[in-house]
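Below is one structure, written out as structure tokens; the observations come after it.
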Amino acid sequence: MIRVLVAEDQSAVRAGLVLILRSAPDIEVVGEAADGERAVALARELRPDLVLMDVQMPRLDGVSATRQVVAEGLADVLVLTTFDLDEYVFGALRAGAAGFLLKNTEAKDLIAAVRTVGRGEGLIAPAVTRRLIAEFAAGSAREPSVDLSVLDALTRREREVLSCLGEGLPNAEIAVRLDMAEATVKTHVSRLLGKLDLRSRVQAAVLAQELGI
């Protein structure tokens, strides 16, 4: 069972999200918040597995709330917004969000996204992924923003896993490609995140693309 806290300031939208999530037998909505401060407070109180977080909320915006929730290790955060603007995407990723999804996502895809993040795997909506790739492509002629020496701390296997993360592969596909058990992949992901001081596998995927590996 994946325990979810829904943070969305528009009551009608929040009710719709809750209705969709409750239709899934393996998802339990444990709380609702109408602003960022309440979302953080409830995350501390309820310790959900995942917070479905709107970006634009009163009192404390979703990106700032995400940063607090992730920094305190309270839950994974799946950011939900009507905007696919880069500032929101990169802001959410820098804050440590495990996923980024647009509000026009269909109900079945929202449920699938919650399950994906609930398994500990990152997710970015396809439309947003295309924007990210375009951003990296446009910046390829610039000086690298990340020093390749950060990879020195990784083993050869961890570098291979990082490269797969950069392609957006889930653990199951990484396991097949690198011929290892899925549990071993999860261990490698956890270790490389720790070594690189990253908060999520999505941040690792962005780093892999920045490094061109």
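Comparing Ala113, Ala71, Ala39 in a Gaussian network model of the chain, where Cα atoms under 10 Å apart are tied by springs, the biggest mean-square fluctuation is seen for Ala71. Please say if the stretch 46-127 is rounded, prolate or oblate, where rounded means a/c under 1.5 for a ≥ b ≥ c the square roots of the C-alpha gyration tensor eigenvalues, and otherwise the choice is prolate for a/b larger than b/c and oblate otherwise? Taking the square roots of the gyration eigenvalues as a ≥ b ≥ c, the stretch 46-127 is oblate. Applying 1/(1 + (r/R0)^6) with r as the Cβ-Cβ distance of Ala172 and Arg3 and R0 = 25 angstrom yields a FRET efficiency of 0.60.
What longest range of the chain stays clear of loop-exposed GluC sites (Glu not before Pro) (DSSP non-H/G/I/E/B, at most 11 other C-beta within 10 angstrom)? Intermediate values should be presented prior to the final figure.
Working: sites that count: Glu72, Glu106.
It works out to 107-213.
Modelled label positions at Glu87 and Ala183, each set 7 Å beyond Cα in the direction of Cβ, lie 4.7 nm from each other.
Computed over the chain, the P(r) tail beyond 29 angstrom holds 24 percent of alpha carbon pairs.
How many percent of the accessible area of the stretch 1-94 is carbon or sulfur, using a 1.4 Å probe? Could you put the intermediate results ahead of the total?
On the way: 2010 of 4130 Å².
Here it works out to 49 percent.
Here the simple spin-label model places points 7 Å from the Cα toward Cβ, and for Arg157 and Glu72 these points are separated by 3.6 nm.
Only four residue types carry charge here, +1 at the Cβ of Lys and Arg and -1 at the Cβ of Asp and Glu. Report the dipole size of the chain about the Cα centre in Debye, rounded to the nearest 20.
Values: 25 positive and 31 negative charges, 71 e Å.
Dipole of the chain, to the nearest 20 debye: 340 debye.
Taking all protein chains together, Phe90, Phe100 sort by accessible area into Phe90, Phe100, largest first [probe 1.4 Å].
Taking amide H atoms as placed 1.01 Å from N in the peptide plane, the amide H of Arg3 lies under 5 Å from those of Glu28, Asp49, Leu50, each 5 or more residues away in sequence or on another chain.
The values are calculated or read from the model by the stated rules, or taken from the named source; none is laboratory data. As the structure is a computational prediction, the values presented were derived from the model and not from experiment. Glycine also receives a Cβ, built like all others from the backbone with ideal geometry; neighbour counts cover every protein chain displayed. What goes into the accessible areas is simple: the full protein's heavy atoms, side chains included, and nothing from ligands, DNA or RNA. Shrake-Rupley method; radii C 1.70, N 1.55, O 1.52, S 1.80 Å.
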